[in-house]
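The numbers here are math on the coordinates, done by the rules we state, and not lab data. Everything quoted here is computed from the prediction, not taken from an experiment. Quick reminder, even Gly has a Cβ in these numbers, built from the backbone with ideal geometry, and neighbours come from all protein chains shown.
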Amino acid sequence: AQKVTQAQTEISVVEKEDVTLDCVYETRDTTYYLFWYKQPPSGELVFLIRRNSFDEQNEISGRYSWNFQKSTSSFNFTITASQVVDSAVYFCALSDANDYKLSFGAGTTVTVRA
Amino acid sequence: DTAVSQTPKYLVTQMGNDKSIKCEQNLGHDTMYWYKQDSKKFLKIMFSYNNKELIINETVPNRFSPKSPDKAHLNLHINSLELGDSAVYFCASSPAGVVNTEAFFGQGTRLTVV
C-alpha cells in the first residue's frame with residue numbers, strides 16, 4: 001500500500017528565512033511518481049513539481065528546490081528566502097505507475113510572517 | 001480558458017437533500033477524478049474514471065454516485081446528504097493516470113450541509 005508522511009503539521013517562519021518541508025513515502029513499486037502541490041488560502045491546488053522514481057536529480061526552480069533521495073524514501077522541499085506569499089498548505093503526493101490516483105500526505109501549513 | 005472547471009463553487013444545503021456537482025475539463029484528458037478534502041485538510045481519492053469507465057471507487061458510501069456522460073465531464077451526485085459530507089470536493093483530470101504529467105485540479109466546491 002502507498003503511504004505519504006508529512007510529519008510537520010505547521011511551520012512558522014519570519015520572512016527571508018529558509019524553510020524545509022519533509023516528505024517520506026512508502027511504496028512497493030519500483031516505478032512511481034512524486035508530487036508537491038501548494039494550496040494557498042484561496043483554496044485551489046497548485047501543481048509545483050512532478051518527479052519519477054528513476055530521476056534522483058535535485059531540482060531548483062527559483063526559490064524552490066527539491067531533494068529526492070530514494071535511499072531514505074524522501075522527497076523534501078525547500079523554500080529559500082521565504083515570502084509572505086509562500087504562506088499556504090503544501091502537500092506531498094505519490095502515485096504508482098499504473099495507479100489512477102494520487103495518495104496525499106496530510107499537508108504542512110507554512111506561515112510566513114512579515 | 002479554465003482547464004478544469006467545477007460548479008458550483010459553494011453549496012449550502014440541508015440534511016437529507018440531494019445535490020450534484022458538475023465538472024468539465026477542456027484538456028482532452030482521458031482520466032478524471034473526484035477527491036474529498038475534509039476539515040483537517042486531508043485529501044483523499046473518491047473516484048477515478050478512465051475513458052468514461054470507473055477505475056477506482058475508494059470505499060465511498062453508495063449515496064455518492066459519479067456519472068461520466070463523456071470523457072470531458074465527470075459529475076458527482078450525492079443523495080440524502082449528511083452533516084459529515086461537509087467538505088471541499090475537488091475534480092481533477094490527467095491524460096492517462098499520471099504517467100506523463102500531473103493531475104490538474106479544479107478550484108474546488110465547498111459543500112456545507114446544515
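Quick notes on this one:
- Residue A:42 versus residue A:97: modelled label distance in nm, points set 7 Å from Cα along the beta carbon direction: 3.8
- Here is the list for segment B:43-114: GluC sites (Glu not before Pro) lying in DSSP coil, each with at most 14 other C-beta atoms within 10 angstrom of its C-beta, are B:58, B:82.
- Residue B:73 paired with residue A:85, simple spin-label distance in nm, labels 7 Å along Cα-to-beta-carbon: 3.7
- Put a dot 7 Å past the Cα of residue A:60, heading toward its Cβ, do the same for residue B:51, and the two dots end up 4.4 nm apart.
- Restricting segment B:27-79 to trypsin sites (Lys or Arg not before Pro) that sit in a DSSP loop and have at most 16 other Cβ atoms within 10 Å of their own Cβ leaves B:40, B:41, B:52, B:63.
- Farthest towards the positive end of the charge dipole of the protein assembly as shown, among the residues A:61, B:57, B:112, is the Cα of B:112, using unit charges on the Cβ of Lys, Arg, Asp and Glu.
- Chymotrypsin sites (Phe, Trp or Tyr not before Pro) within segment A:13-114: DSSP coil, no more than 15 neighbouring Cβ in 10 Å: A:54
- Here r is the Cβ-Cβ distance between residue B:59 and residue A:67 and R0 is 25 Å; the resulting FRET efficiency, rounded to 0.05, is 0.15.
- Cross-link pairs B:19/B:41; A:70/B:71; A:70/B:52; A:101/B:40; A:70/A:101; A:70/B:40 - those with Cα-Cα distance over 26 Å: A:70/B:71; A:70/B:52; A:70/B:40
- A Gaussian network model of chain A, with springs between Cα atoms under 10 Å, assigns the largest mean-square fluctuation among A:72, A:31, A:80 to A:72.
- Within chain B, the proportion of Cα pairs with more than 24 Å between them is 18 percent.
- Ranking of A:84, B:4 by count of other Cβ atoms within 10 Å, fewest first: A:84, B:4
- Dimensionless Rg over Rh [the protein assembly as shown; C-alpha; Kirkwood]: 0.97
- Taking all Cα-Cα distances within chain A, those exceeding 19 Å account for 42%.
- Here the residues B:46, B:15, ranked from fewest to most Cβ neighbours within 10 Å of their Cβ, fall in the order B:15, B:46.
- Under 19 Å from the Cα of residue A:38 - aspartates and glutamates, other chains or at least 8 residues apart: A:10, A:15, A:17, A:18, A:22, A:59, A:86, B:38, B:102
- Cβ-Cβ FRET estimate between residue A:52 and residue A:13, R0 fixed at 30 Å, reported to 0.05: 0.50
- Cβ-to-Cβ counts within 10 Å put B:55, B:21 in ascending order as B:55, B:21, the fewest first.
- 10 Å Cβ shell holding at most 16 others, DSSP loop, trypsin sites (Lys or Arg not before Pro): longest site-free stretch of chain A: A:64-114
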